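Reviewing the structure listed below.
We did not get these values from a lab; they are worked out from the coordinates using the rules stated. Nothing here was measured: the structure is a model prediction, and the numbers come from that model. Positions of Cβ are backbone-derived with ideal geometry, glycine not excepted, and every protein chain shown enters the neighbour counts.
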């Protein structure tokens, strides 16, 4: 596995890469983490799939956009351009939560050059849910000399990731604290954005690959009904984060789909 940077309009975009041959897969992570969450999945995919996992601008080691009002299509356009700059051809886009919304928009930009999409947790909220999440899900958090921000991060992930282990808690807390002043930018962009129209417009196969008890699992039926050509695979017993809790199984389903649709 390697790391690198590609230039974008907001500065440098960091990515991880793996694989030396075969079809391309481009991975987008959830807010407010980074491409590090994909490392285990990438290791299970092996050398027969070439993988790029981006840090969304503003997260991980990628430079941030100009401000908090950046929208999902803007993130997707920047990352789609970065994908082309890296010489990627005919990629399957794969994303989780915020990353799923970005993957849908990136696939729409690529059109016929994208043979398929893999989505884990699509934010197909209704208007009331969007308003509630914008108001309450990702509040501003201040850094204090008492270290309140550290307690906040630990409490947050113990609450929203039921059954997590020490490694997951450490990873998620550190990644959120790393970008604390803008940790909510991606969240709020995802809550403002409705991916339904773009999902419905995709003319490629869609794999919905989700954890049974994911926070967005109740949207899988809506996604199935919205996409033209979709199938659902549920990883049983998982509370979310299938790429972290069951990376080998996640990678197996992803690889099977990629082998089926890749040109």
Query - the stretch 108-263 - Rg over Rh from alpha carbon coordinates, Kirkwood radius - result: 1.00
Requested in this report: Inverting the mean 1/r over all pairs of different Cα atoms, compute the Kirkwood radius of the stretch 1-157 and quote it in Å.
Outcome: 16.5
Report task. For the stretch 1-89, just run the numbers: alpha carbon Rg, then divide by 2.2 N^0.38 Å, N being how many residues it has. Result -> 1.04
Query raised in the report: Counting alpha carbon pairs within less than 8 Å and at least 6 residues apart, what relative contact order, in whole percent, applies to the chain?
Result: 22
Report task. Sort the following peptides by mean Cβ neighbour count (other Cβ atoms within 10 Å, averaged over residues), highest first: 24-36, 75-87. Result -> 24-36, 75-87
Report task. For the stretch 201-263 and the stretch 14-75, write down the distance between their C-alpha centroids in whole Å. Result -> 17
Report summary line: The exposure ranking of 168, 42, fewest beta-carbon neighbours within 10 Å first, is 168, 42
Query raised in the report: Equivalent-ellipsoid semi-axes (√(5λ), Cα gyration tensor) for the stretch 65-118, whole Å, largest first?
Result: 19, 13, 8
Query - Percentage of interatomic Cα-Cα distances in the stretch 171-263 larger than 18 Å - result: 59
Query raised in the report: Which of the peptides 198-207, 117-126 is most tightly packed, and how do the rest follow, judged by the mean count of other Cβ atoms within 10 Å per residue?
Result: 117-126, 198-207
Requested in this report: Sum -39500 (n - 2.57) across every DSSP H segment of at least 4 residues in the chain, then divide by the residue count to get the 222 nm mean residue ellipticity, nearest 500.
Outcome: -12500 deg cm²/dmol
Query raised in the report: For helix 148-160, what angle does its Cα long axis make with the longest principal axis of the chain, in degrees from 0 to 90 and rounded to 10?
Result: 50
Report task. Within 10 Å, count the other beta carbons around each residue, average over each peptide in 13-20, 175-182, and list them highest first. Result -> 13-20, 175-182
Query - Listed values [x] 115; [y] 130; [z] 197, entry calculated as volume of the Cα convex hull per residue in Å³ - result: [x]
Query raised in the report: Helix 166-178: angle to the longest alpha-carbon principal axis of the chain, degrees 0 to 90, nearest 10?
Result: 80
